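Laboratory data are not the source of any read-out in this text; all were calculated from the coordinates shown. No experiment lies behind these values; they were computed from the predicted model shown. Positions of Cβ are generated from backbone atoms using ideal geometry, with glycine treated the same way; all protein chains shown enter the neighbour counts.
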Amino acid sequence: MKVFGSNTSKAVAVPLFVLAMALALLGPWTHSVVAQVSGATLSGVVTDEQGGPVPDAAVKIKNLGTGVTREVRTNSDGLYSAPNLNPGSYDVTISAKGFQNVVQHSVTLNVGAQQSLNLSLKVGSFNQTIEVTAAPPDVQTTTSTISSTVDSTTMRELPLNGRDWTSLATLEPGVSSIPNQVGTGFSANKGNRGFGNQLSNGGHRANENTYRVNGVSINDYSNGAPGGASGLNLGVDGIQEFSVLTSNYTAEYGRTSGAVINAISKSGVNEFHGTAFLFDRDKIFDAKNYFDPAGAIPPFRRVQFGGSGGTALRKDKTFVYGTYEGVRQNRPGSQTIHVPTDAERALAVPAVAPYLKLWPEAPAGTPVDSNGVTQTFNVALPSISNENYATGRVDQKFSDKDSLFGSYFYDSGPQSQPDPLLNAIHQVFSRRQMASVEETHIFNPTLANTLRVGLSRVRGDINDPVSGSSVAKDSTLAIAPGAVGPPQIGVPGVLTTAIGLGGLNRFLHRWTSAQAYDDAFLTRGTHSIKFGFAFERMLYNITEKLSPNGRLNNYPSLAALLNNAPDRLNALAPGGSNEVAIRESLFAGYVQDDWRIIPNLTINMGVRYEFTTLPKDANNRIQEITTIVNCATPGVAPGPTSPCGPQHVDSFIHSNPTTKNFEPRIGFSWDPFKDGKTAVRGGFGIFDVLPLPYEFGLNTAATAPFQIIGFDPAATLGSGVDPNISFNPNKIRNRYIDQNPKRADVLNWNVNVQRQFGTNWTLIVGYVGSRSVHLSVSGDDINLVPPVMTSAGLVIPSNTYQLDPNWGGANGGITPGGPGGAGIRPVLFDGESTYNGFQAQLKRDMSHGLQGQLSYTYGNCKDTSSAPVTGDTYVNSVAVPLLLSKSYRIGACDFDIRHILVGSVIWDVPGPKTGFASYVGGGWQIGTIVTATSGSPFTVTFGGGGDPLKTGFNGDFSMDYAQLVTGCNPTPGITNNSAGRVLAFDPNCFTPAPAVAGGVLVGNSGRNRFYGPGLTTVDFSTFKNFSFRERYKVQFRAEFFNVMNHPNFAAPNFLNDANNSILTSNTGVIGSTSTSSRQIQLGLKLSW
């Protein structure tokens, strides 16, 4: 099927021996340096005054901080290359017999960069020296990769909310923070999707990015952004700088198709340098959120403190550096709860009365709701975080030929929060560790090699029980096997759901990634050739315990609860929760040739091959439904031999789609004026989205045999443990995974122009595009009645079997039962996406105390699903889409933001430098980040819960699109309804789909067709620096986040506000903001 008007790309079938032959042929060649390492490569051509090459010239590159010097020599073409240099400032000295020496000062090398420095020598005496103090042009004339560096000044001096350095990646074109991320809350938890701040780059999913520190991947178990339980990625004082590679990086980078965020930790220098800091945020400085209730601002306090320091243990030889940062935070949220009135409580039968203590009594004077049975009021939910982060690094230069460094970081801490009724406190806990060692050996001035090994470990515990009230811990109120307290109890739309201690869904994630890399670089003539290999062993253990105390939360009315009417109980079987232990390995090799065809034109050519082993369970317990074709057989009673039932398999997928993962990449960079100030560049490459453990773990742990959930359709309260719970194998939740996935490949391309103006200004404009096929697609259930396309539109036919009527809790009959069964959780590999974007950036390097940049992106992202891990990956995702209809699924990506404008400025305000006046008027500094974006997409549905389409689904999210009224403008902007509440769309523009014969018609409004309110924020900082005793500086900081206090309304969504379905009391009503109100942070920092 053609989804976006283009054919599915085919795998590149290049024989494996081609790569092996290429590596073998490189062996006798002459020069070797690194690729894919975190250090920078400095290369260039040394010529005479007539433009001829100068061979055998000595090139000495001296790090001004450490004093470490690297010496290389030019070849017969005048070409030199020095790999794996630590980011920093360098002096480069070039000397050759018969020529004057040239010293180029102030050469700045950035993390992972390929910096070009071409110099011309004049004939003269060897003892004559020409000093060049002007910085060389900052234009990338030798690579087609679109990348940018966030330097240490930017990280230190811009207002940084939470001191999360990865958030600064959004300063670059094409990179945006996804506004629809799930938070750490009562009903859904960010930790299952990764704790870190999720970013999208150029239309790619957040799981397609790679985060590296010192060349080692630190992606977590969700293959997402790194972060602690608080959601922050700490340690900004331990990061020297980081680069963001956004499009068409060369063959040395793999395991990814999105952005590469490549950081390098700080190392010690010969002088002792360090910092000590304290940052404080308190509610007394903050403004109220738009949706905060009347009265005082909810209490809030965050304190961040720590220090860093490094020096040389042996000058020019041994260096150490370390950091520590602590966070102590109490950040209550505000939530509205609904409780029974005293009059209703008095009507409860004796068996139910003890459970009503789970709902607090309303404060005196609280009015009774219009339904006459409940009262509504707001409560504060204190969320407490305690996090500790530490890093260490040791660098050792053994000789001019050997150097070694090792690094380590540790990040650990919990975040706790009570349930909305304040009965039980649960917590999430995160612990991250990474260790790496890298050795560089220089055999001679023209031959070097780097070997690197690393280990990354992540632990994520979701909803661990901490403490509870007496009723929350009362085991006599338990009704589920093995429960330690009362079950979840709720009346949807009437009462806030109550839980006992330990009653939330619990998840235990354990991730270990062992990595090894070897990289090399060879030069022959005008060819610079890199090659290397990578290995990664991945271990992912996950355990789920769904509703350990049972779930009884579908009472049709408060009266039914008070009268102890039978209701459906879902309960975990004794011993029915088992660990999934996924094991997988990755192998990769690459060759990359950067060929200077002529001095001002470089062609980048490369090929990478990477494959993964089949993902398996270490305990060999995988059980899956392997086909969903022809499962509906009339007259076949449910039983172990029913068609399309689960069966034991050796791995999660049967065939390996990665065996032919050859990834050719080609690009060019042309300097048309031969002055190093202009680059016309373009690139095209094939990348892969590998079938990694995150695609299989979370939902597998929720299905048999790893999770056994039974039910009793007529359970009651107060009668002890229910003996009537059925664990019928045909009724429990099962797993379906497409057994023969095709290669999930991605085509990325770009064309751009980069130009330097004057000495400090650089402009880049370009077009970026991508096309992805065979991506993984997840959902909460696939066991639905298959849709059919008719002249009226997409219809769910009546009198039709569910896809697999004898399994996953389906009723085995023609008409789906109600409510539906436990379901079958799928992974398909038919996802597709396309992206086209215009990107531009104007940048001014620091000069005369002023530095800044302005980035703009216009992008258009479409796909058939944005959910690789779970159906509700984002709060606006359709959790249970009709997966068998691609036309139903096509729409804007869940993270599609059409317009993004981000600017930043750092200004050292001129002032007196000496005397008393300098203490008052000197040392001032201002920084700001301005962000303006268009809104994020949303879907308007009908029937917020239940099963309005009669598909046989048992859940709380609708997949039925609403019908758009012809000629009506559904999104006229922010408006108010008759009650004065803020609306994101006009509810009057939508109705249920019209009735049709033979089934239920799906509405025509479509997926992600509409866009919510835009976002505008201004973060501002002002610093006052006091210097004393030459080496010491004290900095007072005042940072203002969302200084204009602009309310950035969240788009309608399923998870947080449940305001996207029509014909409900809050249809279209905006209930939250996507950013905080104005917050002020004060800080004090000592530097030396």
Using the alpha-carbon centroid of each, what span in Å lies between region 916-942 and region 1017-1080?
-> 9 Å
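Contour minus end-to-end for Q739 and Y290, with contour as 0.36 nm per residue of separation and end-to-end as the Cα-Cα distance?
Working: separation 449, 0.36 × 449 = 161.64 nm, distance 4.91 nm.
Stretched out fully, the Q739 to Y290 stretch lengthens by 156.7 nm.
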By average C-beta atoms within 10 angstrom, highest first, the peptides 896-909, 202-215, 1042-1055 | 202-215, 1042-1055, 896-909
Determine, for each peptide in 450-456, 73-79, the mean count of other beta carbons within 10 angstrom over its residues, then list the peptides with the highest first.
-> 450-456, 73-79
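Can you give the % of DSSP beta bridges in region 31-136 that are antiparallel, to the nearest 5? Before the final figure, lay out each step's value.
Details: 24 of 33 bridges.
Counting only bridges with both partners in region 31-136, antiparallel ones make up about 75 percent.
Hull surface divided by four, with the convex hull built on the Cα atoms of the chain: how many nm²?
On the way: hull surface 177.0 nm².
Mean projected area for the chain: 44.3 nm², to one decimal.
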Sorted by chain and number, the residues with a modelled amide H under 5 Å from that of N553, at a separation of 5 or more or across chains, are G490
For the Cα atoms of the chain, what angle does the longest principal axis make with the long axis of helix 16-26, in degrees from 0 to 90, nearest 10?
-> 20 degrees
Using only the Cα atoms of region 954-1083, what do you get for the radius of gyration and for Dmax, in Å?
-> 22.8, 87
Can you give me the relative contact order of the chain as a percent, contacts being Cα pairs under 8 Å and 6 or more apart?
-> 10 percent
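Any idea what the dipole of the chain comes to, in debye rounded to 20, about its Cα centre with Lys/Arg Cβ at +1 and Asp/Glu Cβ at -1?
On the way: 81 positive and 80 negative charges, 217 e Å.
Magnitude of the dipole: close to 1040 debye.
Sorting I284, I725 on the 10 Å Cβ count, fewest up front, what's the list? Working shown, then result.
Numbers: I284 10, I725 20.
So the residues, fewest neighbours to most, are I284, I725.
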Return the whole-Å distance between the Cα centroid of region 96-154 and the Cα centroid of region 452-467.
-> 44 Å
Which cross-chain or sequence-distant (5 or more) residues have an amide H under 5 Å from the amide H of D593, H modelled 1.01 Å from N in plane?
-> K530, M605, G606
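Quick check: convex hull of the Cα atoms in region 31-136, volume per residue, rounded to a whole Å³? Before the final figure, lay out each step's value.
Numbers: hull volume 9.6 nm³, N = 106.
Dividing the Cα hull volume of region 31-136 by its residues yields 90 Å³.
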Largest-first principal axis extents of the Cα set of region 535-592 (Å) = 72, 29, 11
Sorted peptide list for 980-989, 800-809, 347-356, criterion being average Cβ within 10 angstrom, highest first | 800-809, 980-989, 347-356
Using the charge dipole of the chain (Lys, Arg: +1 at Cβ; Asp, Glu: -1 at Cβ; taken about the Cα centre), state which of V607, N578, S978 has its Cα farthest towards the positive end.
-> V607
Projecting the Cα atoms of V1018, N811, S370 onto the charge dipole of the chain, where Lys and Arg contribute +1 and Asp and Glu -1 at Cβ, the residue farthest towards the positive end is V1018
Cα shape, region 715-846, gyration tensor, a/c 1.5 rule | prolate
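Determine the shape class of region 835-952: with a ≥ b ≥ c the square roots of the Cα gyration tensor eigenvalues, call it rounded for a/c under 1.5, and otherwise prolate if a/b is greater than b/c, oblate otherwise. Don't skip to the answer; put the middle values down first.
Working: a/c = 5.36, a/b = 3.03, b/c = 1.77.
Prolate, because a/c is 1.5 or more and a/b exceeds b/c.
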Kindly identify region 230-371 as rounded, prolate or oblate by the Cα gyration tensor criterion: order the square roots of the eigenvalues as a ≥ b ≥ c, call it rounded if a/c is under 1.5, otherwise compare a/b with b/c, prolate if a/b is larger, else oblate.
-> prolate
Reference-scaled alpha-carbon Rg (2.2 N^0.38 Å with N residues) for region 406-531 = 1.89
Here the averaged projected area of region 763-827, based on the convex hull of its alpha-carbon atoms and given in nm², is 8.1 nm²
Name the lysines eligible as straight-distance cross-link partners of K266: C-alpha to C-alpha under 24 Å, and not fewer than 8 places from it in the same chain.
-> K60, K62, K315, K317, K397, K401, K1033, K1085
What is the Cα centroid distance between region 824-869 and region 204-262, reported in whole angstrom?
-> 15 Å
Which order results if L121, L614 are arranged by neighbouring Cβ count within 10 Å, fewest first?
-> L614, L121
